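Everything on this sheet refers to the single structure shown next.
The values are calculated or read from the model by the stated rules, or taken from the named source; none is laboratory data. As the structure is a computational prediction, the values presented were derived from the model and not from experiment. Positions of Cβ are backbone-derived with ideal geometry, glycine not excepted, and every protein chain shown enters the neighbour counts. Just so you know, the surface numbers come from the protein's heavy atoms only, side chains and all, with ligands and any DNA or RNA stripped out. Shrake-Rupley method; radii C 1.70, N 1.55, O 1.52, S 1.80 Å.
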Amino acid sequence: VIPHGPYDHHRGTLEGTVRTAPASALNLLFFGVIRPFKGLEDLVAAFNALPPERIDDYWLTVVGETWEGWTLPLEMIEQSPYRDRISVVNRYVHDDEVAAYFAAADAVVLPYHRSSASGPAHTAMSHGLPLVITEVGGLPHAVAGYAGAILVPARDPAALQAALERLPAMRGVKFADPHSWERTLDRYEVLFADIGVSRSDAGV
């Protein structure tokens with residue numbers, strides 16, 4: 001397994017944040033296009049299931065553009081009993097805006113139903129944020145060695161809710177990103193050596 005390098009080009013500073021959540025609330029960020037396989041509806045269901053006496057401790061920020069006509073998650077948000085604690089940015093977000101949303105987040109939640117890889121997961125790790133992510137596709141490999149990751153089953157709002165309730169204890173902790181481009185390059189060099197190909201043969 002050769003890990004992807006870090007997404008540290010999206011790492012910003014606190015001076016450039018976009019945050020609707022009050023300072024007292026744990027700001028949960030869902031980031032990425034809103035499509036059926038992204039599982040946002042599971043996160044909304046988990047958020048809705050948080051106990052009323054705890055909800056003041058949480059805020060959900062959804063940043064992403066609807067694709068494939070997948071409006072169910074946004075419909076659920078509009079009907080949520082906690083609608084006043086959910087922010088939605090439903091549009092394409094340019095690269096120069098990405099860092100501001102991650103810098104304002106206290107944790108990132110990615111409830112994919114399937115996925116081979118995840119740019120938002122790597123961006124979360126580059127920011128050192130707590131990360132709740134599902135055990136599908138290549139995602140367990142992508143977060144291997146990242147102490148801030150909480151892996152949960154896909155399509156399981158109850159497991160997501162339990163993970164959300166673990167996050168306040170992790171708030172403010174910055175976790176080290178285990179990925180680097182040097183590590184990725186080293187793994188490729190091992191692969192080339194194993195198959196008898198030199199770097200020059202491989203065009204590296």
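Taking the options Y101, Y7, name whichever one is within 16 Å of the chain's Cα centre (by Cα), open to solvent by 30 Å² or more (accessible area, probe 1.4 Å) and not acidic (D, E).
So the residue among Y101, Y7 that is within 16 Å of the chain's Cα centre (by Cα), open to solvent by 30 Å² or more (accessible area, probe 1.4 Å) and not acidic (D, E) is Y7.
Residues in the range 32-77 that are open to solvent by less than 10 Å² (accessible area, probe 1.4 Å) and more than 23 Å from L167 (Cβ to Cβ): how many?
Summing the residues that are open to solvent by less than 10 Å² (accessible area, probe 1.4 Å) and more than 23 Å from L167 (Cβ to Cβ) in the range 32-77 gives 0.
Against the definition (over 15 Å from the mean Cα position of the chain (by Cα), on the phi > 0 side of the Ramachandran plot, touching a residue at least 12 places away in the same chain (Cβ under 8 Å) and in a loop (DSSP other than H, G, I, E, B)), how does G128 come out, yes or no?
So G128 fails the test.
Can you give me the number of residues within the range 106-125 that are outside any helix (DSSP H, G or I) and under 23 Å from F47 (Cα atoms)?
Total meeting the criteria: 11.
If I filter the range 145-155 down to residues being open to solvent by 50 Å² or more (accessible area, probe 1.4 Å) and part of a loop (DSSP other than H, G, I, E, B), which single residue comes out as farthest from W59 (Cα to Cα)?
G145
Here are some residues: S24, S116. Which one is open to solvent by 20 Å² or more (accessible area, probe 1.4 Å) and free of Cβ contacts under 8 Å to residues at least 24 places away in the same chain? Show your work before the answer.
Working: S24 fails: free of Cβ contacts under 8 Å to residues at least 24 places away in the same chain.
Testing whether each residue is open to solvent by 20 Å² or more (accessible area, probe 1.4 Å) and free of Cβ contacts under 8 Å to residues at least 24 places away in the same chain leaves just S116.
Output the residue which, of all residues in the range 134-144 that are open to solvent by less than 40 Å² (accessible area, probe 1.4 Å) and in a helix (DSSP H, G or I), is nearest to P36 (Cα to Cα).
So, considering only residues that are open to solvent by less than 40 Å² (accessible area, probe 1.4 Å) and in a helix (DSSP H, G or I), the one nearest to P36 (Cα to Cα) is L139.
Please specify each residue of the range 146-184 satisfying the condition of being closer than 21 Å to G5 by Cβ and either modelled with pLDDT under 95 or of a type in the set (D, E, K, R) (or both).
Of everything in the range 146-184, those that are closer than 21 Å to G5 by Cβ and either modelled with pLDDT under 95 or of a type in the set (D, E, K, R) (or both) turn out to be K174, D177, P178, H179, S180, W181, E182, R183, T184.
Given the conditions (1) modelled with pLDDT of 95 or more; (2) of a type outside the set (V, I, T); (3) closer than 26 Å to A117 by Cβ, which single one is not true for H9?
(1)
Can you name the residue in the range 164-202 that is in a helix (DSSP H, G or I), within 28 Å of H9 (Cβ to Cβ) and touching a residue at least 24 places away in the same chain (Cβ under 8 Å) and is also most open to solvent (accessible area, probe 1.4 Å) among such residues? Before you say what the answer is, go through the steps one by one.
Just the residues of the range 164-202 that are in a helix (DSSP H, G or I), to begin with: 164-170, 181-195.
Going one step further and asking which of them are within 28 Å of H9 (Cβ to Cβ), we end up with 167, 170, 181-192.
Applying the additional criterion that residues be touching a residue at least 24 places away in the same chain (Cβ under 8 Å) yields 167, 170, 181, 183-184, 187-188, 191.
Numbers: L167: 2, M170: 30, W181: 130, R183: 71, T184: 12, R187: 92, Y188: 101, L191: 71 Å².
Ranking the qualifying residues of the range 164-202, first place goes to W181.
Being open to solvent by less than 40 Å² (accessible area, probe 1.4 Å) and not in a loop (DSSP other than H, G, I, E, B) is the filter here, so list the residues in the range 78-94 that pass it.
Listed by number, the residues that qualify are R85, I86, S87, V89.
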